[in-house]
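Worksheet: one structure, shown below.
The values are calculated or read from the model by the stated rules, or taken from the named source; none is laboratory data. Every value quoted in this text rests on a predicted model; they were computed, and no experiment measured them. Glycine also receives a Cβ, built like all others from the backbone with ideal geometry; neighbour counts cover every protein chain displayed. Quick note on the areas: whole protein, heavy atoms, side chains included, nothing else; ligands and nucleic acids left out. Shrake-Rupley method; radii C 1.70, N 1.55, O 1.52, S 1.80 Å.
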Amino acid sequence: MLFAVYLLQIFPNPTEGLTMKRRGLIAFAAAGVIGGGAWLTTATAVHAQQQPAPAAPPTQAVPPIGPADPKLQIVPVPEGKKVHLLPATLETTQWGWFNNAQPPVLRINSGDTVVMETMMHSHNQVIPGTTIEQIKKLRTDFPGRGPHTLTGPIYIEGAEPGDVLKVTINKIVPRAYAANFNVPGMFGQFPQQFQDGQVRYMYLDLDKMQTEFIPGVVVPLRPFPGTLGVARAEPGQYSSVPPGRYAGNLDIRELVAGTSLYVPVFVKGALLWSGDSHAGQGNGEINLTAIETAYKELNITVEVLKGTKLEWPRIETPTHWITIGYDQKLNVGWDLLKSETSKFLAESRKVSKQEADKIMVRQWDCRISEVVNVVKGTYCMNPKSPRNGPTLPSAENAQYYVTVTKDSDLDKAMDGASMAMINLLQEKRQLTRLDAYGLASIAMDCRIAPPAAGDEKSVHCLLPKSVFVARR
């Protein structure tokens, strides 16, 4: 019924001048027969009108039946644990911003589990059938906010500034479809070179855990939340695009089910959000988008860690600890990454800084997460069992297409290696420019070579040949 109210707010006379199909969509919503896919039907109906989004779209619509009963969001489970159910609705999501004054949509205790849903971008308006021109308009009509729809915030009892929040991802179930798009002349790593745009919608085969990007190009799925973070310390409203010490839009593709995010707490209750849900992504995410989807289930367990100090977020996988370095300039992010990694190794291995630096270089396995979110990201995979880092290929081999660029400016090295891969895909695989750009964004793996003498840095971009399959 909430969505019927929302539709009537936008269309006071919802059937005037509409086709029978459009009348049916609104009648379907107004009749209150929308089940688990309520927001999908709503977004389709709004999209069918082909009208611009309202100047101030409601992000906290007031339920006509009164506030929800939080007790009805909890289901009993064994051993006295609590599982909270958090659907994605207009009342439980924000479009494109963080604000530490935002009232929480759920309150939980440390150790509780939350089973939440997430939406597609722009309050579920980026769905199959939405054109690239409409997607661009969703950005240009609402400057200052990000495209992400964020479920939350979730208030964690007992979390205080200076604590650390541990968020363990237990399970991820995406929707059956996703999108990858390049907004023409805006955003991405190469907005000037790609003044044209396109959107591709993909079916996600969750049995085979793969998707066909274009005919003959099949990409493995590895779902992870592009955005998972807590409220910033600064008051006010901030775009969801830039990541930071509060985590947020990290776009680290290793943050899959079975891993944990450790993030500093900056405000009382922490205020946890998630969105920008991905079914997979390339290291670099160069055209701005990954395999963008929404989650039917993001199952997480949240714990407050007292007496633990952390400057920047870290990620724990079954085999590695991940350290990060983020800044608007990759060179600065690289320096921060080395500092954070050296500090982590000194603390965890109980060795001097000099010895930690040697270990860091010896086991070096560091990558570029994204270069399109204003603040750019780098991260290092630090193995729990000490071993040498992998050898980076410098030329094409049986497994990978490889492009390499060296420069004292890491941004220029990344630009050079990425553009070389786009050109290679056009020449060797006869992909169109935009498809090469999109495939690189969802499947390319850009890594940083170990530090060497002097200030020259080397970026190696790899793209697995296995994504190219024979058509039957």
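Descriptive notes on the structure:
- Potential extension, VAL75-LYS208 segment - 0.36 nm per residue separation minus Cα distance: 44.7 nm
- Hydrodynamic radius of the chain per Kirkwood, over alpha carbon pairs, in Å: 23.1
- The HN-Hα couplings worked out from phi for segment 158-165 by the Karplus form 6.51 cos²θ - 1.76 cosθ + 1.60 (θ = phi - 60°) are x, 6, 10, x, x, 6, 10, 9 Hz, whole numbers, x standing for Gly and Pro.
- By the Kirkwood approach, averaging reciprocal distances over each pair of separate Cα atoms, segment 353-395 gets a hydrodynamic radius of 12.0 Å.
- Of all aspartates and glutamates in the structure, those lying under 20 Å Cα to Cα from LYS306, and not within fewer than 8 positions of it along the same chain, are ASP112, GLU157, GLU160, ASP163, GLU316, GLU347.
- Amide H contacts under 5 Å for SER277, placed H, 5+ residues apart: GLY226, THR293
- Long pairs among LYS166/LYS343; LYS208/LYS309; LYS338/LYS412; LYS376/LYS465, criterion Cα-Cα beyond 30 Å: LYS208/LYS309
- Computed lengthening from VAL374 to ASN397, 0.36 nm per intervening residue step minus Cα-Cα distance: 4.9 nm
- The chain, helix-only ellipticity at 222 nm - DSSP H runs n ≥ 4, -39,500 (n - 2.57), divided by all residues, nearest 500: -7000 deg cm²/dmol
- Each of the peptides 216-229, 90-103 was scored by the mean count of other Cβ atoms within 10 Å over its residues; in descending order, highest first, they stand as 216-229, 90-103.
- Accessible heavy-atom area order of LYS306, LYS171, highest first, probe of 1.4 Å: LYS306, LYS171
- Coil-residue trypsin sites (Lys or Arg not before Pro) of segment 349-395, DSSP, other Cβ within 10 Å capped at 15: LYS350, LYS384, ARG387
- Across segment 298-313, computed HN-Hα scalar couplings (Karplus, 6.51 cos²θ - 1.76 cosθ + 1.60, θ = phi - 60°) run 10, 9, 10, 10, 10, 10, 9, 9, 8, x, 10, 9, 8, 7, 10, x Hz from first to last residue, x flagging Gly and Pro.
- Reachable aspartates and glutamates from LYS137, criterion Cα separation under 20 angstrom, eight or more residues apart if same chain: ASP196, ASP276, GLU292
- Modelled label positions at THR319 and LYS82, each set 7 Å beyond Cα in the direction of Cβ, lie 3.8 nm from each other.
- Relative contact order of the chain, taken over Cα pairs closer than 8 Å and 6 or more residues apart, is 15 percent.
- Tensor-based shape of segment 192-304 (alpha-carbon gyration tensor, a/c under 1.5 rounded, otherwise prolate or oblate): oblate
- Taking amide H atoms as placed 1.01 Å from N in the peptide plane, the amide H of SER240 lies under 5 Å from those of TRP97, PHE98, GLY146, each 5 or more residues away in sequence or on another chain.
- Taken over the alpha carbons of segment 351-423 as equal point scatterers, the Debye sum produces base-10 log I(q)/I(0) values at 0.21, 0.22 Å⁻¹ of -1.11, -1.15.
- Close amide H partners of GLN198, meaning residues 5 or more places away or on another chain with modelled amide H under 5 Å apart, are ASN182.
- Rg/Rh (Cα only; Kirkwood hydrodynamic radius) as it applies to segment 295-364: 1.05
- Cα-based shape type of segment 184-237, given that a ≥ b ≥ c are square roots of the gyration tensor eigenvalues and the cut on a/c is 1.5: oblate
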